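J.: Handing you this structure, nothing more for now.
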Amino acid sequence: MKFKKLKINFKDARGTIKDIFYKKNIQHVAIIKSKPNVRRGDHYHKKTTQWMLMTKGSLEYWYKPLKSRAKPKMKLLKVGDLVETPPNEMHALKIGKKGNEFIVFTIGKRGGKDYENDTYRFKPTIIRR
């Protein structure tokens with residue numbers, strides 16, 4: 001997991017510009033809206049890299065490398081946060097009390113008919129609370 005706070009790349013009297021990506025070959029983009037107090041994820045991808053950009057609300061992002069015996073870690077994501085999920089990283093999302101919305105950017109199979117082609121589910125969840 002790589003966490004990034006977006007920085008202002010350009011500013012003038014009209015406002016600001018924040019670059020999300022530069023020179024990335026994004027193959028799929030989706031907007032995901034979640035109802036309050038639900039769980040998402042509980043899977044990993046063998047080849048796909050994805051980024052989540054929080055646009056509304058918050059979530060707990062739980063993660064750990066697939067073959068690791070270490071305990072899962074958690075990062076609280078809020079509006080404006082960007083997190084990268086590399087291949088072979090287990091991840092699970094615990095949505096907050098108000099629900100949320102985030103945009104997912106993907107390199108690899110993740111959209112349309114390919115939605116589940118590189119998704120490998122696991123049990124039990126790695127969420128610890």
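J.: What whole-number volume per residue, in cubic angstrom, does the convex hull of the C-alpha atoms of region 65-123 give?
T.: Per-residue hull volume (Cα only) is 129 Å³.
J.: Enumerate by residue number the chymotrypsin sites (Phe, Trp or Tyr not before Pro) in region 14-64 meeting two conditions: DSSP loop (anything except H, G, I, E, B), and at most 14 other Cβ atoms within 10 Å of the site's Cβ. Can you show the working numbers first?
T.: Details: sites: Phe21, Tyr22, Tyr44, Trp51, Tyr61, Trp62, Tyr63; in loops: Phe21, Tyr22.
Sparse-neighbourhood loop chymotrypsin sites (Phe, Trp or Tyr not before Pro): Phe21, Tyr22.
J.: When the Karplus curve 6.51 cos²θ - 1.76 cosθ + 1.60 is applied with θ = phi - 60°, which whole-Hz ³J(HN,Hα) does each residue of region 97-105 get, with x for Gly and Pro?
T.: Residue by residue, region 97-105 yields 5, 10, x, 6, 8, 8, 10, 10, 10 Hz.
J.: Could you tell me how far the Cα centroid of region 1-26 sits from the Cα centroid of region 49-97, in Å?
T.: Cα centres, region 49-97 to region 1-26: 20 Å.
J.: Could you work out which residue, out of His91, His45, His28, moves most in a Gaussian network model of the chain, that is, has the largest mean-square fluctuation with Cα springs under 10 Å?
T.: His28
J.: Which length gain, in nm to one decimal place, applies between His43 and Lys4 when the Cα-Cα distance is subtracted from 0.36 nm times their residue separation?
T.: 11.8 nm
J.: Then there's this: Run the numbers on region 43-108 and let me know its relative contact order in percent, using alpha-carbon pairs under 8 Å that are six or more apart.
T.: 51 percent
J.: Let me ask you something else. If contacts are Cα pairs under 8 angstrom and at least 6 residues apart, what is the relative contact order of the chain in percent?
T.: On the way: 305 pairs, mean separation 46.9, N = 129.
It rounds to 36 percent for the chain.
J.: Picking from Met1, Gly96, Gly111, whose Cα lies most toward the positive end of the charge dipole for the chain (charges on Cβ: Lys, Arg +1; Asp, Glu -1)?
T.: Gly96
J.: Hey, another quick one. If I stretch the segment between Glu84 and Arg121 completely, what's the gain in nm (0.36 nm per residue apart, minus their alpha carbon distance), one decimal?
T.: Answer, rounded to one decimal: 11.5 nm.
J.: Of Asp81, Asp114, Asp19, which has the largest mean-square fluctuation in a 10 Å C-alpha GNM of the chain?
T.: Of Asp81, Asp114, Asp19, the Gaussian network model singles out Asp19 as fluctuating most.
J.: Students sometimes get this wrong: rank Ile126, Ile8, Ile32 by accessible area, probe 1.4 Å, all chains present, largest first.
T.: Most to least solvent-accessible, the answer reads Ile8, Ile32, Ile126.
J.: How large is Rg/Rh for the chain, to two decimals, with Cα atoms and a Kirkwood Rh?
T.: 0.98
J.: What list of ³J(HN,Hα) values in whole Hz, one per residue of region 13-24 in order, does the Karplus curve 6.51 cos²θ - 1.76 cosθ + 1.60 (θ = phi - 60°) give from phi, with Gly and Pro shown as x?
T.: So the J values, rounded to whole Hz, are 4, 7, x, 10, 10, 10, 6, 8, 9, 9, 6, 10.
The values are calculated or read from the model by the stated rules, or taken from the named source; none is laboratory data. Because the structure is a prediction, the values reported are computed rather than measured. A quick note on method: Cβ atoms are made from the backbone with ideal geometry, for glycine too, and the neighbour counts reach across all protein chains shown. All accessible areas refer to the heavy atoms of the entire protein, side chains included, with ligands and DNA or RNA removed. Shrake-Rupley method; radii C 1.70, N 1.55, O 1.52, S 1.80 Å.
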